[in-house]
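Everything on this sheet refers to the single structure shown next.
Only the coordinates and a few stated rules stand behind these numbers; no lab work does. What you see is a predicted model; the values in this text were computed from it and never measured. No Cβ is skipped: glycine too gets one built from the backbone with ideal geometry, and neighbour counts run over all protein chains shown.
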Amino acid sequence: MDAADKETLGKLIRKNKRLARDLTRIETVFNAILSAIVVADSNGEIQFANNFAESILGLNGGRPSIFKLLPGMDEAVAAVSRDDSVVMREFKITYPEPRVLSAQIIPFNFGSSSDTYAVILNDVTQDRRSTEERIESEKIASVLNLASGVAHELGNPLNSINIHLQLVKRRLMKFSDKIDADVLASISDSVEICSSEVLRLNGIIENFLKALRPMRPNMAECDPIKPLAETLKILNEEFVNLNISVDVDSESPLPSVCADEGLLKQLYFNILKNAMESMEQGGKVAIRAFSDDDFVKLSFSDSGCGISEEDLSRIFEPYFTTKPDGHGLGMMIINAIVRAHGGNIDIESKRGFGTVVTVSIPRNERRVKLLS
Ligand code: ADP
Ligand code: MG
């Protein structure tokens, strides 16, 4: 090797070192970005994923096909190569967590034989959720308004029917000596049946209005297990008759919550009733109470029929029911109670295996901290 070769070699080594340094810098920048960046080829094979992509897509160092990770990505890539343009698309993923990701797919070529794409993903779950929640609460509010209006209107004619039935009864008594005893008895029976049905209708309407009335929770510090124990006592006989075992496992001591005890009872009652109704004879209900820094959580798992994916997206809708004699208001009430407490609700279900409903209620200290 002569002097000129040595100099060229030295230059090459220095250049290589510089390139390696630049690459590390670029990688550091890529890994610090709070967007997921993935480079994949047209077969979906991932060639690069930054740290954020690793975590949001749950890669754990593995390199599964991006077509599997993001269902619909193959079509998006086909569209990119067809039109040779940048494509924006949203993807819904369920693993490792349910999220909505907005993706920008940019074609580029490293001079390799197959096309390469950079996919930039942003987590828009929160934005979408708040829009959906707003629409949902507006929809619920308008239905409730309408329903309570109708229910209220029904009260007046019912009242009048009731008064007239009383009048019929009284007049009938006046003529009791002029009418055949059998005929009198049969008319009286019919009037009695009408009266009791009117009373029943009145009860339904009253309960209905109670369920729809805007909630003004009476908040106080309380132990979330106490109303649970009371609810279980009320439902105990039904559980025993159906041969359903109920198991409660609570972290102890469980932090207190700031809640309306009566509403908590209503919340537990509705969840447990649904669990009960999802099972045939001989099922299992397991209740677990635990806490993290912010919330006390109660999870109710049942070994019932489970909820299909399609139904799961509709169960909070008013009047949605899959039961022949269901009213479809329970889940809506559950949702309203949890929200009135600043908590949230989580449902996991698999058709044929069962359902886990987890409610999170803010810990009392957290509320005190927020207020101060
Ligand atoms: P209802 O009980 O009157 O049907 P809800 O609002 O309480 O009304 O529930 C709505 C629907 O949600 C039910 O009809 C059922 O399909 C589904 N559901 C709720 N909880 C469960 C559960 N634990 N297991 C299976 N399905 C459930
Ligand atoms: Mg119900």
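Odds and ends about this structure:
- Packing around the peptides 296-307, 165-176, taken as the average count of other Cβ atoms within 10 Å per residue, puts them in this order, highest first: 296-307, 165-176.
- Value of relative contact order over the stretch 131-212, rounded to a whole percent, pairs C-alpha under 8 Å and six or more apart: 49 percent
- Separation of alpha-carbon centers, the stretch 65-92 and the stretch 117-154, rounded to whole Å: 29 Å
- Computed [θ] at 222 nm, deg cm²/dmol, the chain (DSSP H ≥ 4; -39,500 (n - 2.57); rounded to nearest 500): -17000 deg cm²/dmol
- Given charges at Cβ of Lys, Arg, Asp, Glu: the stretch 218-372 dipole, positive-most of Leu272, Ile337, Gly306: Ile337
- Peptide ranges 73-80, 193-200 listed from the most packed, as the mean C-beta count within 10 angstrom indicates: 73-80, 193-200
- Across Asn109, Asn335, Asn218, mean-square fluctuation computed from a Gaussian network of the chain (C-alpha pairs under 10 Å connected) peaks at Asn109.
- Lysines whose Cα lies under 26 Å from that of Lys169, excluding same-chain neighbours fewer than 8 positions away: Lys178
- Across the stretch 131-212, the volume of the C-alpha convex hull divided among the residues equals 72 Å³ per residue.
- Comparing Pro324, Asn241, Thr125 along the charge dipole axis of the chain, the residue lying farthest to the positive side is Thr125, per the Cβ-charge model.
- About its Cα centre, the dipole of the stretch 33-123 is roughly 160 debye, where the only charges are +1 on Lys and Arg Cβ and -1 on Asp and Glu Cβ.
- Tensor-based shape of the stretch 314-357 (alpha-carbon gyration tensor, a/c under 1.5 rounded, otherwise prolate or oblate): oblate
- Cα-Cα pairs of the stretch 218-364 separated by more than 29 Å (percent): 12 percent
- For the chain, the longest principal axis of the C-alpha atoms and the axis of helix 181-212 are separated by about 30°.
- A simple packing score, the average count of other Cβ atoms within 10 Å per residue, orders the peptides 285-292, 353-360 as 353-360, 285-292, with the highest score first.
- Options Leu59, Ile33, Ser102, ranked by Cα towards positive dipole end of the stretch 33-123, top entry (Cβ charges): Leu59
- Placing +1 on each Lys and Arg Cβ and -1 on each Asp and Glu Cβ, with no other charges, gives the chain a dipole about its Cα centre of roughly 860 debye.
- Entries in Lys226/Lys297; Lys92/Lys323; Lys139/Lys350; Lys265/Lys323; Lys68/Lys284 that, when Cα-Cα distance is taken, lie over 25 Å: Lys92/Lys323; Lys139/Lys350; Lys68/Lys284
- For the stretch 348-357, putting each phi into the Karplus relation 6.51 cos²θ - 1.76 cosθ + 1.60 with θ = phi - 60° gives couplings of 10, 8, 10, 4, x, 10, x, 9, 10, 9 Hz, in residue order, rounded to whole numbers and with x for Gly and Pro.
- An ellipsoid equivalent to the stretch 11-69, defined through the eigenvalues of its Cα gyration tensor, has semi-axes of 27, 14, 8 Å when rounded to whole angstrom and sorted largest first.
- Divide the volume of the convex hull around the Cα atoms of the chain by the residue count and you get 247 Å³ per residue.
- Candidate cross-link partners of Lys6 among the lysines, defined by an alpha-carbon separation under 28 Å and a same-chain spacing of 8 or more, comprise Lys15, Lys17.
- Using 0.36 nm per residue and subtracting the Cα-Cα separation, the extra length available between Glu317 and Ser190 on full extension is 41.8 nm.
- Length-normalised contact order of the chain in % [C-alpha pairs under 8 Å, at least 6 apart]: 10 percent
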